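Enquirer: Encoded as structure tokens, here's the structure I'll be asking about.
The values are calculated or read from the model by the stated rules, or taken from the named source; none is laboratory data. Remember, it's a predicted structure, so these values are computed and weren't measured experimentally. So basically every Cβ, Gly included, is an ideal-geometry build from the backbone, and we count neighbours across all protein chains shown. Protein only, heavy atoms only, side chains kept; ligands, DNA and RNA dropped before computing areas. Shrake-Rupley method; radii C 1.70, N 1.55, O 1.52, S 1.80 Å.
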Amino acid sequence: MSKFVHLHNHFDVGSPRDSTAKVKDTVKKVKEMGFKAYAITDHGRIEGWIPFNMTCKEYNIKGIYGVELYEAQRRAIDKEPNVDSKRYHSVMLARNKKGIQFLRKLVTYTLKKENVYYKPRYDLDYLKQHKDEIKGNIIWLTGCIQGRLPQLLLSNDINEANTYVETMVDIFGKENVFIEIQDHNIREEKEVLQKLIKFAKDYGYQIVATNDIHYTEKEHFMAREIMIARERGETIAQRKDNGDILPPELYLKSEDEMIELFKYIPEAIENTQKIVDMCDDIDLEEKEWHFPNISIPDGYTVDSYMEKLVWDNFPKRYPVNVMSTQAVESLKDRTKFEIKTICDMNTSAYMLIDSDFIVWAKNQNIKVGPGRGSACGSVVAYLLGITDVDPIPYGLYFERFMNPERVTMPDIDTDYQDDRRMEVIEYVVNKYGADKVAQILTFGTIGARMAIRDVGAVFEVDNKLVDKIAKMIPAQPGITIKKALETNPKLKEQYDQDTVTHKLIENAELIEGLVRQTGVHAAGVLISDKPLSEYGALMEDEDSNIPVFLGDMKAVEYLKLLKMDFLGLRTLTVIKDTIDMVYKDTGRLIDIDALDYNDSEVFKYISKGETYGVFQLEQPGMQKFMKELQPTSLEDVILGISVYRPGPMDSIPLLLEGKKNPASIKYPDDAK
């Protein structure tokens, strides 16, 4: 059984530009080194919890979920320069699900705008107010050298140090308080190390040893220095001259290394396993979808109410009086099949929620797109007003939208005129509650070319050489430096023969793929049954009143949270403005949804490439293609848009020949 477990660890996903430890690579290494457990304690953020949980389950590692928080000098809302810019590091670990819930709540509190001053902060008053939620559920470590206790001891303020720790004992319970010691061969850290040990022994506190891990391999220390230098606009030479480069000790050390490092105080090693044993083996994955609560009339279930609305709209959408009996029965059979599939897959609520705010938007005279993607293959989506595309005339398949063999939540993207998109989101907020609606986080990673340029900048490599090497890497999705070296002989030759290029590329590979920054998803919005802080932390957004949920698309799905996409489309605003201008000038109100799609004059314009401002037809390449294709129907335009993309583009000459000479088209035998 392991004697030591790492309890103070950072990852790039939650500590971007400071940690270069990737979750997958690190947990895999943890497993290979024989550890049975490992912790995550990123700086003030917990978006790394979900990918960490996923990976720990994959490698059968017990995950310990925590965070290294920032404790305010005074109150969290105080922001006096040169006073409140001082803050202290503080590590908290969740013992159980209640601990998880509190840490989500605490991180959300620190990320409120009023509590952020350089960093997100909490204060002692907040902890005291929530003592009942904390005690027995959270383990507290005093933190690295930037913790309040180490700083007080460095100042020889023993009485204040004891008062502070006694306060934390009252909040957390003495069995959950540990004096944290570290040794990274840093002079000031070595000075406080013995003070911490003496303090713990004098006052009867438990001691625990940690290594402040920021990268997986010792030789990867330069990756972190590159990231920090780039963020601060420095060079590596400047950091060396200023003495800012730390010893390369913030790596994933083996159990033997840690035992040797703290052999004079074995209880500090043994207490790491004690802490692991105090913590439950927590799985963060949610098993059931958390749909928001929707109003259903008495006597109905979610499924039966959705079915009622579908059949109510059936004669409104389809001219059943003029359709043949066979056509009506065939359409009803298709509709029944879709209803059954939607109900069987427990997605009726999704369809009702989506339909509700789309229909509301239309009723408010907000321009809504006719639909996009696989949802246009659903008769039910058409009948509920989610789309305005009838899938029957175009032979669209429902199974592309929803398939019993692929049990995933539908993904419906809906376009709104961009100047009124927020009105729809505000309607959702008012309907379901501000605490149950949030935006979604995104992660921006360092691509191959950017890695070359970043390394070149901090190592002061000649700009012409950096530009030359970067441009040798193909500008294509998913490209890596390794793939570029394998596919570009000139790049490989330069790498092998030029020492500057070799070092440039080697260092670039260290930072390639790391998380550089987080952002906000352009369209995704979460709608939940409970306050979203129960499922993760929320961050107040500078540009919106709607907070950001600290989790990306994968995390949202893992937590079974409902995501809806609200896309703002400028084209719809242009259409709406055009309709308004025509009405103002002529008194004629154009019904854009009832246009004649067989107007030959329109196709003449398209065939001449006069498509400026026309969605998906306005780019020069597409204009040229339309001139060659000479479309005479909407189906021709659809075909052209479908083909004009990487892969199918290779068949454009064959398509053009078939358009000019239909007799030249040859179908496979099984397609006839």
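Enquirer: Given charges of +1 on the Cβ of Lys and Arg and -1 on the Cβ of Asp and Glu, with all other atoms neutral, how large is the dipole of region 378-504 about its Cα centre, in debye to the nearest 20?
Expert: For this selection, approximately 580 debye.
Enquirer: So, by mean Cβ neighbours within 10 angstrom, what's the order for 645-658, 176-189 with the highest one leading?
Expert: 176-189, 645-658
Enquirer: Moving to a separate point now. Ordered by residue, what ³J(HN,Hα) values in Hz, to whole numbers, does region 551-564 give under the Karplus form 6.51 cos²θ - 1.76 cosθ + 1.60, where θ = phi - 60° and Gly and Pro are x?
Expert: Running phi through 6.51 cos²θ - 1.76 cosθ + 1.60 with θ = phi - 60° gives x, 8, 4, 5, 5, 4, 5, 4, 8, 6, 9, 7, 10, 10 Hz.
Enquirer: For Met450, Met278, Met622, what's the largest-to-smallest order of accessible area, 1.4 Å probe?
Expert: The most accessible residue leads, giving Met450, Met278, Met622.
Enquirer: In the chain, if the dipole is taken from +1 on Lys/Arg beta carbons and -1 on Asp/Glu beta carbons about the Cα centre, which of Ala457, Met258, Gln146 is farthest to the positive end?
Expert: It is Ala457, whose Cα lies furthest towards the positive end.
Enquirer: So how do 246-255, 590-599 stack up, highest first, on mean other-Cβ count within 10 Å?
Expert: Result, highest mean Cβ count within 10 Å first: 246-255, 590-599.
Enquirer: A further question on this structure: Relative to the longest principal Cα axis of the chain, at what angle does helix 421-432 sit, 0 to 90 degrees, rounded to 10?
Expert: 70
Enquirer: Accessible area of region 491-568 with a 1.4 Å probe: how many percent of it is carbon plus sulfur?
Expert: The value for region 491-568 is 46 percent carbon and sulfur by accessible area.
Enquirer: Continuing with this model, one more query. If you build the convex hull over the alpha carbons only and average its shadow over all orientations, what do you get for region 565-644? Give it in nm² to one decimal.
Expert: Mean projected area for region 565-644: 6.4 nm², to one decimal.
Enquirer: Restricted to Cα positions, what overall size does region 1-77 have along the principal axes? Three whole-Å values, descending.
Expert: The Cα atoms of region 1-77 stretch 44, 25, 18 Å along the principal axes, largest first.
Enquirer: Would you mind getting the Kirkwood hydrodynamic radius of the chain from its Cα pairs, rounded to one decimal in Å?
Expert: Here the Kirkwood hydrodynamic radius works out to 29.1 Å.
Enquirer: Need one number: the % of Cα-Cα pairs in region 314-423 sitting beyond the 22 Å mark.
Expert: Roughly 33 percent, rounded to a whole number.
Enquirer: By its C-alpha gyration tensor, with a ≥ b ≥ c as the square roots of the eigenvalues, how is region 380-525 shaped: rounded for a/c under 1.5, else prolate for a/b larger than b/c, else oblate?
Expert: prolate
Enquirer: Over all directions, what mean area does the Cα convex hull of region 567-609 project, stated in square nanometres?
Expert: 4.2
Enquirer: Once both axes come from the Cα atoms, what is the angle between helix 302-317 and the longest principal axis of the chain, in degrees from 0 to 90, rounded to 10?
Expert: That helix lies at roughly 30 degrees to the long axis.
Enquirer: Among Asn321, Ala229, Leu550, which residue has its Cα furthest toward the positive end of the charge dipole of the chain, with +1 on Lys/Arg Cβ and -1 on Asp/Glu Cβ?
Expert: Ala229
Enquirer: Also, I was wondering about something else. Using only Cα positions of region 486-591, each an equal point scatterer, no hydration layer, compute I(q)/I(0) via Debye at q = 0.13 Å⁻¹ and quote the log10 values to two decimals.
Expert: Those come out to -0.77, one per q.
Enquirer: Treating the beta-carbon of each Lys and Arg as +1 and of each Asp and Glu as -1, no other charges, what is the dipole magnitude of region 589-638 about its Cα centre, to the nearest 20 debye?
Expert: 360
Enquirer: How large a share of the accessible area of region 18-166, in percent, is made up of carbon and sulfur atoms when the probe is 1.4 Å and the other protein chains stay in place?
Expert: 44
Enquirer: A further question on this structure: Taking a quarter of the surface of the convex hull around the Cα atoms of region 514-558, what do you get in nm²?
Expert: The Cα convex hull of region 514-558, projected and averaged over all directions, gives 3.9 nm².
Enquirer: Heavy-atom accessible area per residue, the chain, 1.4 Å probe: how many Å²?
Expert: 48
Enquirer: Compute the long axis of helix 620-629 from its Cα atoms, compare it with the longest principal axis of the Cα atoms of the chain, and write down the angle in degrees, 0 to 90, nearest 10.
Expert: It works out to around 30 degrees.
Enquirer: Need the list of lysines near Lys584 for cross-linking: C-alpha distance under 25 angstrom, and skip anything on the same chain fewer than eight residues off.
Expert: Lys362, Lys367, Lys576
Enquirer: Before anything else, pin down the relative contact order of region 44-199: Cα pairs under 8 Å, at least 6 apart, normalised by residue count, whole percent.
Expert: It comes to 21 percent, rounded to a whole number.
Enquirer: A follow-up question, please. In Å and on Cα atoms, what radius of gyration and Dmax does region 204-283 show?
Expert: Gyration radius and largest Cα-Cα distance of region 204-283: 16.8, 46 Å.
Enquirer: Further question on the same structure: Find which of Thr501, Phe398, Asn430 sits farthest along the positive direction of the dipole of region 388-522, computed with +1 on the beta-carbon of Lys and Arg, -1 on that of Asp and Glu, about the Cα centre.
Expert: The residue sitting most towards the positive pole is Thr501.
Enquirer: Round to a whole number: what % of the accessible area of region 312-373 belongs to carbon and sulfur, probe 1.4 Å?
Expert: 49
Enquirer: In whole angstrom, how long is each semi-axis of the equivalent ellipsoid of region 36-183, when you take the square root of 5 times every eigenvalue of its Cα gyration tensor and sort them from largest down?
Expert: Gyration-tensor ellipsoid for region 36-183: 25, 18, 15 Å.
Enquirer: Among 256-263, 211-218, how do they line up from the highest to the lowest mean number of other beta-carbon atoms within 10 Å?
Expert: 211-218, 256-263
Enquirer: Next question, about the same structure. About the Cα centre of the chain, what is the dipole size in debye to 20, counting +1 per Lys and Arg Cβ and -1 per Asp and Glu Cβ, all else neutral?
Expert: 360
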